[in-house]
Amino acid sequence: MARILHIFAHPGLASSRINAAMWGAARRVRDVTSVDLYAENPRYEIDVKAQQDRLEAHDVLVMQFPIFWYSCPALMKEWIDLVLSRGFAYGVGGDRLAGRTMLLAVSTSAPAEAFGPEGYQNFPLRTFLTPFEQTARLAGMRFAAPYVRHDALHGDPADHARGFATLLAGLRDENLDMDRATAADALFHDTLPLRKG
Amino acid sequence: MTEFLLPAFLFLLAGVISVPIASRLGLGSVLGYLIAGIVLSPVLTLLGVDVIQVQHFAEFGVVMMLFLVGLELEPKLLWAMRMRLLGLGGLQVGLTTALIAAAAYALGSIWQVALAIGLIFALSSTAIVLQTLNEKGLMKSDGGQAGFSVLLFQDIAVIPMLALLPLLATQHVTHEGGDAHASLSLVDGLNGWQTGLATLAAIGMVVAGGMYLTRPAFRFIAHANLREVFIAAALAFVIGIALLMTLVGLSPALGTFLAGVVLANSEYRHELESDIDPFRGLLLGLFFMTVGAGIDFGLLAAQPLTIAALTLGVIALKAGVLLFLAWVFGVRDEQGWLFGMSLAQAGEFGFVLISFATAGAILPDDIAPRLTLIVTLSMMLTPGLFILYDRVVLPRYHAAEPRAADDIDQPGHVIIAGHGRFGGVVNRMLLSSGHETTVLDHSSNQLEALRAFGVRAFYGDATRPDLLHAAGIENARLLVVAIDDRNRATEMVRHVVKHHPHIHVVARALDRSHVYELWGAGCRDIIRDTFDSAVRAGRSTLEALGMHPFEAERTARTFVNQNRRSMRELADLYDPEVPNHRNAPYRDRARALMDEQTEELRSRGRGAHHEGADGAWARPTLRDQEAALRKQE
């Protein structure tokens, strides 16, 4: 059984649709550590040592957030800046996360077709996520394909939320085909590469 | 009764009139007192006042002055200045004494008298020079600092000089001259080694008593919380030591100086300083007036050329020695000139030495009045020398080059008035960030605990301007007002804002109307005592009611900002004479602000994506998205 750390960052949970539903579903998955970052650190007072210890005690880091201006919300960035420090995540002696896995679970208000040279977002979603991908690589982590929900203003969030719970449970039970999960461009609730069994 | 009241009134009146005029003319207070004495002299003769008797009484001001000099001597500061103090100061006193004594010897004095004259003229006028340098803002300059070291050394050197003078006596002292010093003695009937033992015991008493007895004694007195009792204790302390020293035949100035040094690190230092200082000022003023009254102008009229030549000769010789030392110690250019010209006069301690030497029959009676005249004239010429420096020396060195901005980033220190639950936290934060703080508090228990933890804390009523002065408000960068008494806090802010506008004042307000009062007093950095904790309690309550912690945090921040804005607005409408609920403009604006704020808070607390007043993290709407998609096609 793999140890999963699910970190969720949304500054306005009360008015969220997709992410609130995902958070609700994720908290019902047993043996997964789920953290609401904004509730844990409402004044940005991040305890770096405690966060690093918790990170080291897990095998997979799942970061869930809505995409704001092609990046994560501010507190998530603050967390990355402070916790993934030199001598811990990179640099001399900075191999403490090596061999672990990072997986993003993100939502975009733009529809899928907006991403790409023809769309109004101009670039594929993965291009916007390259800072995270390279962060994982520098820390020696495997960067799995992101779990994505486009067009977050439309439709029922339930399927995506249920898919997220399935994904977390699959990671926990090492039931997910990590090679396929890494090779994919993005994961959706109906394309999760679960092993039969 | 009138024979006491009339001279007292005359002395006070003369001082009150002449000192402000002299200060305005840039002559300094010492010259003001001297002039008052000169003017007063015929009246005193007419009234039959015994000026010499008054002068002996006034000499006690010198004793107090040396006590204060001792109090100001922080061992740390002395150690840091040791090179300049011993080098510059020691050489200045040594060389000047030697040269002037040689000149006096050449002019026909016997060597004892010549040496006494050398010592008298070696000293400069601390009072005139420090005051002028401070007024001109030259204290921190290189020349000013060098001058300060020399003056400090001179102040200390006076003590061995006073001890040395009696050894120069060539005739036996006649006691009938009304010399008060020898009227009662503990050591009269003792032989040499017994006298030595008694002397050592007395000094030991002063040091040990100062170290171990004063603190509990002052603490006991401080508990009474009566200012005049503390002043009485301070005076009794100084007078008692002077008395003890006199009884064993030592200089009372030496004794009080020692006591001052012993107490320099005590928490009662600033309080003692500000209590003794007015007495010192008055007595020294009286002393200078008696000196002025004693000046023999007949002498000047009889031998104008001789006196003028001697005066200029003394100034030239002193300036020559100072300029040479400036060159040796690397005080260059205009700074060297400042150093040389500012200290070239003889000083008030010269009068003290003259009066001691005359009483001790060291100086022949015909020389003493001449010396007094020369010292006085040289002091009167000092403002002229400063004018010469400004007009002639400075333009040479600063032809076109603009003056560099003052270094305002020097490690200024912070004064914290009140060290309770509030000021204490402020102090700890400042100390942990490496700032130098001076704490003033009125609770002696509190102070003792603080000093045990190594905090620089002093006893006293922080609202008193003289205590603030003693704590160094002139050189402070910041004042934190954290005393409990709201009216005194406001008064303190008003005083400091008015008289020391360069100081940033952080004040604690006890409630809303106190904020307005402090604002009216001129404070622009006001912290409300319980406001932050109340906001935190509100935030905790919201969280406990189920609000998301980050939303509670944002609600609290919004509330604080709104509240600050409205306080600022209402401060202008506040009228201390009218209760707020009857002050119509205040009441109406307060109501309107309250409505606006409730509306704003309601919308803000909802966090991301809510299209409220702040629009924080507002996500695109469906229409935004359709517009973007249309552009795509």
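The values are calculated or read from the model by the stated rules, or taken from the named source; none is laboratory data. This is a predicted model, so every value here is computed, not measured. Every residue, glycine among them, receives a Cβ derived from its backbone with ideal geometry; neighbour counts consider all protein chains shown.
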message: Pull out all pairs, ordered by first then second residue, where Cβ-Cβ is under 6 Å, the residues are six or more apart or on different chains, the first lies in region B:44-56 and is more than 11 Å from B:Ala293 (Cβ to Cβ), and the second is assigned to a helix (DSSP H, G or I).
response: B:His56/B:Ala180
- line: Within region A:152-191, the residues that are surrounded by 14 or more Cβ atoms within 10 Å (Cβ to Cβ), touching a Pro at 6+ places or on another chain (Cβ under 9 Å) and among the acidic types (Asp, Glu) are A:Asp177
- line: Filter region A:115-145 for residues that are over 15 Å from A:Leu61 (Cα atoms) and of a type in the set (Phe, Trp, Tyr); the one that is nearest to the other protein chains (Cβ to nearest Cβ) is A:Tyr120
field: Those residues of region A:130-152 which are part of a loop (DSSP other than H, G, I, E, B) and closer than 15 Å to A:Arg100 by Cβ, in sequence order
entry: A:Ala139, A:Gly140, A:Met141, A:Ala144
- request: Identify, from the list A:Ala14, A:Ala21, the residue that is out of contact with any strand residue (DSSP E or B) (no Cβ under 7 Å at 6 or more places or on another chain) and within 11 Å of chain B (Cβ to nearest Cβ).
  value: A:Ala14
One residue from A:Asp59, A:Asp53, A:Asp47 being of a type in the set (D, E, K, R) and either touching a residue at least 12 places away in the same chain (Cβ under 8 Å) or in contact with a Pro (Cβ under 9 Å, 6 or more places away or on another chain) (or both): A:Asp59
- prompt: Mind checking which pairs have a first residue in region A:25-43 that is in contact (Cβ under 8 Å) with a residue 60 or more places away in the chain and a second that is part of a strand (DSSP E or B), Cβ under 6 Å, 6 or more apart or different chains?
  reply: A:Ala26/A:His6; A:Ala26/A:Ser34; A:Val32/A:Ile4; A:Val32/A:His6
query: Just for region A:24-46: of the residues that are more than 10 Å from chain B (Cβ to nearest Cβ) and among the hydroxyl-bearing types (Ser, Thr, Tyr), which one is surrounded by the most Cβ atoms within 10 Å (Cβ to Cβ)?
result: A:Ser34
- prompt: Does B:Ala326 satisfy the criteria of being farther than 25 Å from B:Gln112 by Cα, out of contact with any strand residue (DSSP E or B) (no Cβ under 6 Å at 6 or more places or on another chain) and part of a helix (DSSP H, G or I)?
  reply: yes
- request: Please indicate, with yes or no, whether at least one residue in region B:513-534 is at pLDDT 85 or above, within 14 Å of chain A (Cβ to nearest Cβ) and either buried (at least 18 other Cβ atoms within 10 Å of the Cβ) or part of a helix (DSSP H, G or I) (or both).
  value: yes
query: In region B:1-104, which helices (runs of 4 or more DSSP H) lie fully inside it and hold 3 or more residues that are within 13 Å of B:Gly285 (Cβ to Cβ) and at pLDDT 85 or above?
result: B:2-24, B:28-47
- prompt: When residues of region A:47-70 are filtered for being surrounded by fewer than 17 Cβ atoms within 10 Å (Cβ to Cβ) and more than 13 Å from chain B (Cβ to nearest Cβ), how many remain?
  reply: 10
- prompt: Do the conditions hold for B:Arg508, that is, is it assigned to a strand (DSSP E or B) and modelled with pLDDT of 90 or more?
  reply: yes
query: Does B:Met594 fit the bill of being hydrophobic (A, V, I, L, M, F, W, C), surrounded by 13 or more Cβ atoms within 10 Å (Cβ to Cβ) and more than 14 Å from chain A (Cβ to nearest Cβ)?
result: no
- request: Quickly run through region A:100-114 and pick out the residues that are within 11 Å of another protein chain (Cβ to nearest Cβ) and not aliphatic (A, V, I, L, M).
  value: A:Ser107, A:Thr108, A:Ser109, A:Pro111, A:Glu113
Pair list, Cβ under 7 Å, 6 or more apart: region B:76-89 residue crowded, with 19+ Cβ neighbours inside 10 Å, other residue of a type in the set (Gly, Ala, Ser): B:Arg84/B:Ala146; B:Arg84/B:Ser149; B:Leu85/B:Ser149; B:Leu88/B:Ala146; B:Leu88/B:Ser149; B:Gly89/B:Ser149
task: Looking only at region B:224-235, decide whether some residue is modelled with pLDDT of 85 or more and under 27 Å from B:Phe356 (Cα atoms).
output: yes
- request: Read through the list (1) of a type outside the set (S, T, N, Q); (2) surrounded by 14 or more Cβ atoms within 10 Å (Cβ to Cβ); (3) closer than 27 Å to B:Leu629 by Cβ, then give the number of the only condition that A:Ala144 fails.
  value: (3)
query: Does region B:267-277 contain at least one residue that is closer than 30 Å to B:Asp461 by Cα, touching a Leu at 6+ places or on another chain (Cβ under 8 Å) and not in a helix (DSSP H, G or I)?
result: yes
- request: Output the residue which, of all residues in region B:15-30 that are crowded, with 21+ Cβ neighbours inside 10 Å and β-branched (Val, Ile, Thr), is farthest from B:Ala293 (Cα to Cα).
  value: B:Val19
- prompt: Listed residues B:Val69, B:Val63; which is assigned by TED's automatic domain parsing to the domain that holds B:Gly384 and in contact with a Pro (Cβ under 6 Å, 6 or more places away or on another chain)?
  reply: B:Val63
message: For a quick check of your reading of the model, give me the residue pairs whose first member lies in region B:100-114 and is assigned by TED's automatic domain parsing to the domain that holds B:Gly320 and over 13 Å from B:Leu371 (Cα atoms), whose second is in a loop (DSSP other than H, G, I, E, B) and not aromatic (Phe, Trp, Tyr), with beta-carbon atoms closer than 6 Å and at least 6 apart or on different chains.
response: B:Gln112/B:Thr170
First in region B:355-367 and over 14 Å from B:Gln112 (Cα atoms), second anywhere and aromatic (Phe, Trp, Tyr) and modelled with pLDDT of 80 or more, Cβ under 9 Å, 6 or more apart: B:Ser355/B:Phe287
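Matching residues to (1) at positive phi; (2) out of contact with any Ser or Thr (no Cβ under 8 Å at 6 or more places or on another chain):
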| position | (1), (2) |
| --- | --- |
| B:Leu430 | no, no |
| B:Gly434 | yes, yes |
| B:Leu440 | no, yes |
| B:Ser444 | no, yes |
| B:Glu448 | no, yes |
| B:Arg451 | no, yes |
| B:Gly454 | yes, yes |
| B:Asp461 | no, yes |
| B:Ala470 | no, no |
